[in-house]
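These notes concern the structure reproduced below.
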Amino acid sequence: MKFYLSSSGLGNKAKELIRLMPQNKKMGYIPNACDYTNVDTNRRNEVNKSDIAELRNLGLDVEFLDLKDYFGKVNKLRKKINGLGGVFVRGGNTFILRQSMRLSGFDIIFKEILERDDFVYAGYSAGICVLAPNFKALQIVDDPMDNPYKGQETIWEGLGYLDYIILPHYKSNHPESADIDREIEYCKKNKILFKTLKDGEVIIIK
């Protein structure tokens, strides 16, 4: 699997994303980090539409991939993902995103397809934070107690692909930037490996 990890939106290397994609240009857009209990639906939909438009402008065949449609249906989701060339995971709340990944079985499928070199995992903000080993440092910015899916407990363990946590929006014109400094202090105090990303910056892993 290849990775395109942006602090915000597509970042400053969008052309690299299309180069990373395999011959199959179908990409699933995963919106679930914004399944907040109290959500500004209009704002969420605007961002979704804007993200999808930018991806399509790159030449990608983008489809909306709401993980809620696959809760308890891991085999159905596996079939869907196996037909894609990649996924793009938007930002929001990392804890909510992680819950949706567990309930749909995305976390299981993620491990199954790690060795595929014809698949791209892309995203920004929460969509890249979820790759960390754990989310302890994220509780300063993301509310770990927001559980929009009834009866679910907070999940503190990430997908664990990275051995560090990415802290996006560092020193950026973003409402969360000031709290990122607090997250950095938390990581240093608790000896948690981390990397910072400013809005516009991208990490590419081939």
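The values are calculated or read from the model by the stated rules, or taken from the named source; none is laboratory data. Quick caveat: nothing in here was measured; it's all calculated off a predicted structure. Here Cβ is always computed from backbone atoms with ideal geometry, including for glycine, and neighbour counts include all displayed protein chains.
Yes or no: the stretch 117-132 includes at least one residue that is in a helix (DSSP H, G or I), surrounded by fewer than 17 Cβ atoms within 10 Å (Cβ to Cβ) and either more than 14 Å from the chain's Cα centre (by Cα) or not acidic (D, E) (or both). So far as the stretch 117-132 goes, no, none of its residues is in a helix (DSSP H, G or I), surrounded by fewer than 17 Cβ atoms within 10 Å (Cβ to Cβ) and either more than 14 Å from the chain's Cα centre (by Cα) or not acidic (D, E) (or both). Annotation note: Cβ proximity below 8 Å between a residue of the stretch 31-55 that is without any contact (Cβ under 8 Å) to a residue 40 or more places away in the chain and a residue that is outside any helix (DSSP H, G or I) (sequence gap 6+ or interchain) occurs for R44/P31; I52/Y29; I52/V62; I52/F64. Report yes if L84 is touching a residue at least 40 places away in the same chain (Cβ under 8 Å) and more than 16 Å from the chain's Cα centre (by Cα), otherwise no. When the stated conditions are applied, L84 passes them. Got a sec? Which strands (runs of 3 or more DSSP E) wholly within the stretch 1-99 have at least 3 residues that are closer than 30 Å to I140 by Cα and either at pLDDT 95 or above or of a type in the set (K, R) (or both)? Of the strands (runs of 3 or more DSSP E) lying wholly inside the stretch 1-99, those with at least 3 residues that are closer than 30 Å to I140 by Cα and either at pLDDT 95 or above or of a type in the set (K, R) (or both) span 2-6, 26-30, 86-89. The residue that is farthest from the chain's Cα centre (by Cα), counting only those in the stretch 177-200 that are crowded, with 18+ Cβ neighbours inside 10 Å and either farther than 27 Å from K2 by Cα or acidic (D, E) (or both), is E183.
Scoring Q152 on the criteria (1) surrounded by fewer than 18 Cβ atoms within 10 Å (Cβ to Cβ); (2) more than 29 Å from S104 (Cα to Cα) leaves a single failure, condition (2).
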